[in-house]
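Q: Below is the structure I would like to discuss, written out as structure tokens.
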Amino acid sequence: MKTQAFDVVIRGGVVIDGSNCPRYRADVGIRGTMIAAMGDLSSATAHRVIDANGKIVAPGFIDAHSHDDQALLLQPQMECKLSQGVTAVVTGNCGISAAPLYPDSPMPAPLNLLSDAAMRFTTFQAYVQTLRTSPPAVHVIPLVGHTNLRVLAMADLNRAAAAEEIVQMRALLREALVAGAVGLSSGTYYPPAAAATMQEVCDVAQPLAEFGALYVSHMRDEAVHSQQSIDETLQIGQHAQAAVVISHHKLQGQANWGIRRRHCRRSKRPCTASAWHLIAIPTTPAPPCCTCRKSACPARS
């Protein structure tokens, strides 16, 4: 039997692979940038062996809710994330993203979180290309913000969008999806988008189905009317034929404590909710985290 050879073998650790399988002891063999084998690799050779006895071996964590859009370019080492084991960040949440934005675009809160005027990108493609030209130390999973689209298409943000403005926003969304955005985020909790009706967001979100893209929402209310907000968010996803991620399902106010389970029971389609920056209700299958992309659980083989 031919001896297996790897660039790196991580030996003797306990693997937690993100697949919902029980933890298991396994060696991990790496060639180049790919996980090439997992299991008993005690007879394998490697240029480098990492002793993981007594340690957990896991894929890099995904920060599912970040506002790192500009930090990726201003601090490309991303030590603040890598030091915590985060190797991928989802950007463009809450309806705000680094692109598209014109140089003279207004920056109403919370869009002013992205305040560096030198980091304006008039197209989503320009932003993505900049990331590719100067890649940060973490993977980027970018969303495009609904508030950005409103700012570009509308002179008055204190009303619902007119038909021609919706057409423009839809075209901008399509451009972003072609460029690599994985979905549309909205922040109807915040004033720049609070005037948007559910129908506006439904109409803007139409291209999502074609791209298999996500609808991610910092929903309109997180307290007394949280159930109505959840219903609205899921209706938008259903209209757009898009998977839905609900951000910040935190249920403000003591009177609302303990009703999350009721919310989930009332939801007639699978949903994922994030509480602050944590995926709290992972009822939809997560994408494979390992670079090997295998869905089978080694613990069951």
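Q: For the stretch 165-194, give me the residue count where each residue is open to solvent by 30 Å² or more (accessible area, probe 1.4 Å), among the aliphatic types (A, V, I, L, M) and either free of Cβ contacts under 8 Å to residues at least 40 places away in the same chain or out of contact with any strand residue (DSSP E or B) (no Cβ under 7 Å at 6 or more places or on another chain) (or both).
A: The qualifying residues number 4.
Q: ASP156 fails exactly one of the following numbered conditions: (1) over 22 Å from ALA109 (Cα atoms); (2) of a type in the set (D, E, K, R); (3) assigned to a loop (DSSP other than H, G, I, E, B). What is the number of that condition?
A: For ASP156, the failing item is (1).
Q: May I ask you to list the residues in the stretch 208-240 that are over 18 Å from the mean Cα position of the chain (by Cα) and part of a loop (DSSP other than H, G, I, E, B)?
A: ARG220, ASP221, GLU222, ALA223, VAL224, HIS225 - these are the residues of the stretch 208-240 that are over 18 Å from the mean Cα position of the chain (by Cα) and part of a loop (DSSP other than H, G, I, E, B).
Q: Go through the stretch 174-204 and count every residue that is under 20 Å from GLN125 (Cβ atoms) and of a type outside the set (D, E, K, R).
A: So the count comes out to 11.
Q: Go through (1) under 21 Å from ASP69 (Cβ atoms); (2) at pLDDT below 95; (3) not aromatic (Phe, Trp, Tyr) one by one and return the number of the condition VAL224 breaks.
A: With respect to (1) under 21 Å from ASP69 (Cβ atoms); (2) at pLDDT below 95; (3) not aromatic (Phe, Trp, Tyr), VAL224 is out only on (1).
Q: Considering each residue of the stretch 43-64, count those that are closer than 21 Å to ASN20 by Cβ, open to solvent by less than 40 Å² (accessible area, probe 1.4 Å) and in contact with a strand residue (DSSP E or B) (Cβ under 6 Å, 6 or more places away or on another chain), and give that number.
A: Residues that pass the stated criteria total 4.
Q: Now a separate question. Please determine whether any residue of the stretch 99-118 is under 20 Å from the mean Cα position of the chain (by Cα), under 30 Å from GLY29 (Cβ atoms) and assigned to a loop (DSSP other than H, G, I, E, B).
A: Within the stretch 99-118, none of the residues are under 20 Å from the mean Cα position of the chain (by Cα), under 30 Å from GLY29 (Cβ atoms) and assigned to a loop (DSSP other than H, G, I, E, B).
Q: Determine whether the stretch 8-20 contains at least one residue that is farther than 28 Å from GLU79 by Cα, outside any loop (DSSP other than H, G, I, E, B) and open to solvent by less than 90 Å² (accessible area, probe 1.4 Å).
A: Checked against the condition, which is being farther than 28 Å from GLU79 by Cα, outside any loop (DSSP other than H, G, I, E, B) and open to solvent by less than 90 Å² (accessible area, probe 1.4 Å), the stretch 8-20 yields no hits at all.
Q: Something else now. Can you go through THR3, THR87 and tell me which one is open to solvent by 40 Å² or more (accessible area, probe 1.4 Å), within 30 Å of MET219 (Cα to Cα), free of Cβ contacts under 8 Å to residues at least 60 places away in the same chain and not acidic (Asp, Glu)?
A: Exactly one of THR3, THR87 is open to solvent by 40 Å² or more (accessible area, probe 1.4 Å), within 30 Å of MET219 (Cα to Cα), free of Cβ contacts under 8 Å to residues at least 60 places away in the same chain and not acidic (Asp, Glu), namely THR87.
Q: How many residues, within the stretch 220-250, are hydrophobic (A, V, I, L, M, F, W, C) and more than 24 Å from PRO192 (Cβ to Cβ)?
A: Of the residues in the stretch 220-250, 1 are hydrophobic (A, V, I, L, M, F, W, C) and more than 24 Å from PRO192 (Cβ to Cβ).
Q: On the given criteria, is PHE124 on the phi < 0 side of the Ramachandran plot and in contact with a strand residue (DSSP E or B) (Cβ under 7 Å, 6 or more places away or on another chain)?
A: yes
The values are calculated or read from the model by the stated rules, or taken from the named source; none is laboratory data. Bear in mind that the values here come from a model prediction, so they are computed numbers and not experimental data. Cβ coordinates were reconstructed from backbone atoms using ideal geometry, including for glycine residues, and neighbour counts include every protein chain displayed. Areas reflect the complete protein model, heavy atoms only, side chains present, ligands, DNA and RNA absent. Shrake-Rupley method; radii C 1.70, N 1.55, O 1.52, S 1.80 Å.
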